[in-house]
Amino acid sequence: MNRVSRPSRASAIVVATAASVAAMTAHNIYRARKAERDHPPTGRFITVDGVRLHYIDRGEGPPVVLLHGNVVTAEDFRTSGVLELLARRHRVIAFDRPGFGYSDRPHGSAWSARAQADLLKKAFDVVDIKRPIVLGHSWGTAVALAMALNHPNDVKGLVLLSGYYYPTLRADVLLSAPPAIPIIGDLLRFSISPLLGKLLQPLLLKGMFAPLPVPADFSTGSTPNMSLRPGQIRAESQDGVAMIPGAMAMRHRYQELTMPIVIMAGTKDGVVDAKQPRRLHAQVPHSNLQMVPGVGHMLHYAVPDEVAEAIKVAGGLETTCDQTRDPSPTAVAA
């Protein structure tokens, strides 16, 4: 009897597991579609090298391109207020990077910072952008730097916010790695990854904004739900895994940069060590370093006006001394 019961138990476990995975998959697909219904695309679409890209295009004047970090989308710049501030004087184009928001990320490519930069540079030609100032936040700084290093004649200036520039040991890379693994990652991101992400999300968001609170507009906006879609989890995981190799590939080339550069970071950034921006500034002496006291990783929410002013410096319209200063009380409150 034991010989019969053991296989029966094993079969029951397999069937129950398969049913659970199928139920989680159906639930996660439903949640992803609901997130997209609740937060439809607000911009335009173009196709570049077979990749469909979504972008927000606002204002008129000298062009500025905005590149968001991991987890978030182009909408992050609208929620923070930076996009509308810049659109008063500039044509502002905020791209959903490949795999984020409503931009595609086809399989079969590593989608390194350089690969993303090369694709977005081709997108410039399609939407008629010439020599923009490029602003990148967090992971977006890697794409901005790759673009400036490999297409220097096509970038007028750089604004780098809360960037990761030099390789270090990072525990978060290990945590983000499993969904990036082929086949296994596909199973995870359609089953358990969105559920775990939902549980861990409050802690993640708190760490991103600390020591300031998570703004209400952010916590009720598109990011909390859009970032848990299986497709975007794949992009987030792949970018997390590519972060250290990307920094290793570019760290010896930063001195090649000759365009105006503004480096901004919060002194209380709990995601990227404050030594990173200072080290980059030392390697690129003509850069302008602005360390913002009392502010964490999402400094464009804390000091959007200062970020907008940095565009002037990167565009060569004015110069400022390197500084470490207290943001205005009204900026922090924002």
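Between P277, P211, which is over 18 Å from the mean Cα position of the chain (by Cα) and either surrounded by 22 or more Cβ atoms within 10 Å (Cβ to Cβ) or modelled with pLDDT of 95 or more (or both)? Even if it seems obvious, please write down each step before you answer.
On the way: P277 fails: over 18 Å from the mean Cα position of the chain (by Cα).
It is P211.
Working carefully through the options V155, V126, find the one that is buried (at least 24 other Cβ atoms within 10 Å of the Cβ) and more than 18 Å from the chain's Cα centre (by Cα).
Details: V126 fails: buried (at least 24 other Cβ atoms within 10 Å of the Cβ).
Step by step, each of V155, V126 is checked, and only V155 is buried (at least 24 other Cβ atoms within 10 Å of the Cβ) and more than 18 Å from the chain's Cα centre (by Cα).
Cβ contacts < 7 Å: first residue of a type in the set (S, T, N, Q), restricted to region 115-139; second residue modelled with pLDDT of 95 or more and not in a helix (DSSP H, G or I), any location; separation 6+ or different chain. Result?
Q116/R97; Q116/P98; S138/G69; S138/N70; S138/S162; S138/G163; S138/H297
Every residue, every condition in (1) surrounded by fewer than 24 Cβ atoms within 10 Å (Cβ to Cβ); (2) over 22 Å from Q116 (Cβ atoms); (3) charged (D, E, K, R); (4) under 19 Å from the mean Cα position of the chain (by Cα), yes or no:
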site	(1), (2), (3), (4)
A26	yes, yes, no, no
R33	yes, yes, yes, no
R37	yes, yes, yes, no
P62	yes, yes, no, no
V72	no, no, no, yes
D76	no, no, yes, yes
A87	yes, yes, no, no
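Cβ-Cβ under 7 Å, sequence separation 6+ or interchain: first residue in region 150-168 and more than 16 Å from M243 (Cα to Cα) and part of a loop (DSSP other than H, G, I, E, B), partner of a type in the set (K, R) and modelled with pLDDT of 95 or more. Which pairs?
Within 7 Å, the pairs are H151/K121; V155/R131; K156/R131.
Starting from residues that are part of a helix (DSSP H, G or I) and farther than 19 Å from T141 by Cβ, keep the ones in region 313-334 and report whichever is modelled with the lowest pLDDT. Spell out how you get there, then give the answer.
Filtering region 313-334 for residues part of a helix (DSSP H, G or I) gives 313-314, 329-333.
Narrowing the set further to residues that are farther than 19 Å from T141 by Cβ leaves 329-333.
On the way: P329: 35, T330: 34, A331: 34, V332: 33, A333: 30.
So the residue we want is A333.
Name the single residue, out of those in region 158-180 being surrounded by fewer than 21 Cβ atoms within 10 Å (Cβ to Cβ) and under 24 Å from V292 (Cβ atoms), that is modelled with the highest pLDDT.
Only one residue tops the list, namely Y166.
Go through region 190-259 and tell me which helices (runs of 4 or more DSSP H), entirely inside it, have 1 or more residues that are out of contact with any helix residue (DSSP H, G or I) (no Cβ under 9 Å at 6 or more places or on another chain) and in contact (Cβ under 8 Å) with a residue 40 or more places away in the chain.
192-209, 230-250
Among the residues of region 129-152 satisfying the criterion of being touching a helix residue (DSSP H, G or I) at 6+ places or on another chain (Cβ under 6 Å) and closer than 20 Å to T47 by Cα, which is surrounded by the fewest Cβ atoms within 10 Å (Cβ to Cβ)?
Ranking the candidates gives M147 first.
Would you check which residues across region 175-193 are closer than 15 Å to E236 by Cα and over 18 Å from the mean Cα position of the chain (by Cα) and list them?
The first filter runs over region 175-193 and keeps only residues closer than 15 Å to E236 by Cα, leaving 175-182, 185-186, 188-190, 193.
Passing the criteria: P178, I181, P182, G185, D186, L188, R189, F190, S193.
Out of (1) in a helix (DSSP H, G or I); (2) more than 29 Å from A177 (Cα to Cα); (3) of a type in the set (A, V, I, L, M, F, W, C), what's the single condition that is false for A26?
Unmet for A26, out of (1) in a helix (DSSP H, G or I); (2) more than 29 Å from A177 (Cα to Cα); (3) of a type in the set (A, V, I, L, M, F, W, C): (2).
Table: residues versus (1) assigned to a loop (DSSP other than H, G, I, E, B); (2) under 30 Å from A148 (Cα atoms).
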residue: A10; (1), (2): no, no
residue: A16; (1), (2): no, no
residue: R37; (1), (2): no, no
residue: P40; (1), (2): yes, no
residue: F77; (1), (2): no, yes
residue: L85; (1), (2): no, yes
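The values are calculated or read from the model by the stated rules, or taken from the named source; none is laboratory data. Values in this document were obtained by computation on a predicted structure and should not be read as measured data. Here Cβ is always computed from backbone atoms with ideal geometry, including for glycine, and neighbour counts include all displayed protein chains.
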